[in-house]
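The values are calculated or read from the model by the stated rules, or taken from the named source; none is laboratory data. Remember, it's a predicted structure, so these values are computed and weren't measured experimentally. Note: ideal-geometry Cβ built from the backbone for every residue, glycine included; neighbour counts use all protein chains shown.
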Amino acid sequence: MSNGPTERQASNPRQADVLEAEVVLLNGLSLPGVVRVLSFERTGDHATLTYDDADYQTLNHHDLQSATDLCHLGASLARTLAEMHRSGVSHQALSAETVLVDLEGRPLITNFSLAQPLPDDPAAAFQDLTALADLLTATVGRLPANPSTQEQRHRKKLRHTCRVAKNDTATDLAIALADLSGVFAGQKPAHDPFRLRPNLPQNLTTVSRSLLGVTAIVLLVGTGLLLASRTVTEPSPVWVANEPTGQLVEHQGNQYQVGISGDVATVGQWLVDGQCSPEPLLALLRPSTGEVFVFDQWAGQALLGTQVSATIDGAVGLRAETINGCQQLMAITDQSVVPVDLVSKTHPAT
């Protein structure tokens with residue numbers, strides 16, 4: 001059990017180097033759901049790393065009561081793991097001891113002493129996924145006894161959803177658990193043609209912390225133009241890919257590669273600025289920030305850019321609901337499906 005803040009100490013050069021490397025990694029990663037460094041001190045061969053994990057306890061000491069509680073926690077964990085992988089980092093030591101939970105049930109991944117860059121070992125991402133699936137399945141077995149028929153069905157569905165054979169990436173698992181949370185809450189699962197899932201590349205590109213903030217990027221692919229937008233901001237503390245590696249979207253025979261790896265893109269006749277768009281438009285979700293973008297036109301011979309249209313905290317996927325002949329864009333979070341109020345901000349790229 002962790003009362004925090006947790007200290008890890010080193011008393012020889014190798015151990016001190018490991019702690020220092022972990023500090024560099026965590027300061028660069030800086031993601032929600034990942035432990036932060038409270039302090040680090042090194043004197044010669046001795047070093048002390050202190051985590052900012054006060055008021056957290058390890059998962060095996062956290063009081064989970066139901067499959068619904070665990071499903072919410074699992075979806076959040078899977079989303080954090082997906083963001084780590086998109087940032088080029090594999091944890092390699094997920095367990096009930098390295099997953100902490102706060103008083104409100106929010107998980108935190110800690111202890112990155114065995115972490116490694118994904119480009120060095122693409123299989124490491126799948127090892128993380130397997131470890132998380134096994135951890136969630138084992139935690140189902142540790143839930144308190146409950147004779148309720150509904151609870152037993154929920155636990156069975158949760159075990160089935162966590163099977164690695166059903167999920168290729170942590171993003172797949174995050175979306176599947178978010179869907180299951182909705183089912184537990186009485187919502188219908190999101191199986192519609194406008195729901196797209198991101199495909200993470202097997203070999204992630206080199207990452208950098210010094211890039212300017214990028215809203216949505218598209219390149220020239222075949223005969224299709226990719227929409228692009230760059231917003232000049234302060235250097236981001238979050239690692240982002242150097243090159244766009246987003247999914248392909250087809251429209252009227254052209255192919256468009258939109259966003260970066262992990263973004264979710266979908267096309268529909270959305271309700272934008274309170275009106276139904278006359279033609280299908282491209283909408284994009286960046287799960288790492290919850291930002292949603294919409295392009296109110298398709299690029300011709302020039303590139304187009306757009307600004308953030310809405311922000312939905314915790315969003316991991318997109319779906320559509322038809323309302324009076326128009327499609328309302330919906331964002332899927334760990335616990336619910338919420339409407340996205342789209343405002344057009346498309347402009348010529350500079």
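Within segment 11-46, restricting attention to residues that are of a type in the set (A, V, I, L, M) and part of a loop (DSSP other than H, G, I, E, B), the residue that is modelled with the lowest pLDDT is Leu31.
Among the residues of segment 63-71, are any touching a residue at least 40 places away in the same chain (Cβ under 8 Å), under 19 Å from the mean Cα position of the chain (by Cα) and assigned to a helix (DSSP H, G or I)? Yes, some residue in segment 63-71 is touching a residue at least 40 places away in the same chain (Cβ under 8 Å), under 19 Å from the mean Cα position of the chain (by Cα) and assigned to a helix (DSSP H, G or I). Scanning segment 8-24 for residues that are of a type outside the set (A, V, I, L, M, F, W, C) and under 15 Å from Ala115 (Cβ atoms) returns Arg8, Asp17, Glu20, Glu22.
Among the residues of segment 48-57, is any of a type in the set (Asp, Glu), surrounded by 15 or more Cβ atoms within 10 Å (Cβ to Cβ) and touching a residue at least 60 places away in the same chain (Cβ under 8 Å)?
Narrowing segment 48-57 to residues of a type in the set (Asp, Glu): 52-53, 55.
Next, only the ones that are surrounded by 15 or more Cβ atoms within 10 Å (Cβ to Cβ) stay: 52-53.
Retained after the next criterion (residues that are touching a residue at least 60 places away in the same chain (Cβ under 8 Å)): none.
Taking every residue of segment 48-57 in turn, none turns out to be of a type in the set (Asp, Glu), surrounded by 15 or more Cβ atoms within 10 Å (Cβ to Cβ) and touching a residue at least 60 places away in the same chain (Cβ under 8 Å).
Quick test for you: out of Asp128, Asp134, pick the one residue that is free of Cβ contacts under 8 Å to residues at least 12 places away in the same chain and part of a helix (DSSP H, G or I).
Numbers: Asp128 fails: free of Cβ contacts under 8 Å to residues at least 12 places away in the same chain.
Answer to the check: Asp134.
Within the set of pairs 6 or more residues apart or between chains, which connect a residue that is surrounded by 12 or more Cβ atoms within 10 Å (Cβ to Cβ) inside segment 143-159 to a residue that is assigned to a helix (DSSP H, G or I) and of a type in the set (Gly, Ala, Ser) with Cβ atoms less than 6 Å apart? Close Cβ pairs satisfying both conditions: His154/Ala67; Arg155/Ala67; Leu158/Ala67.
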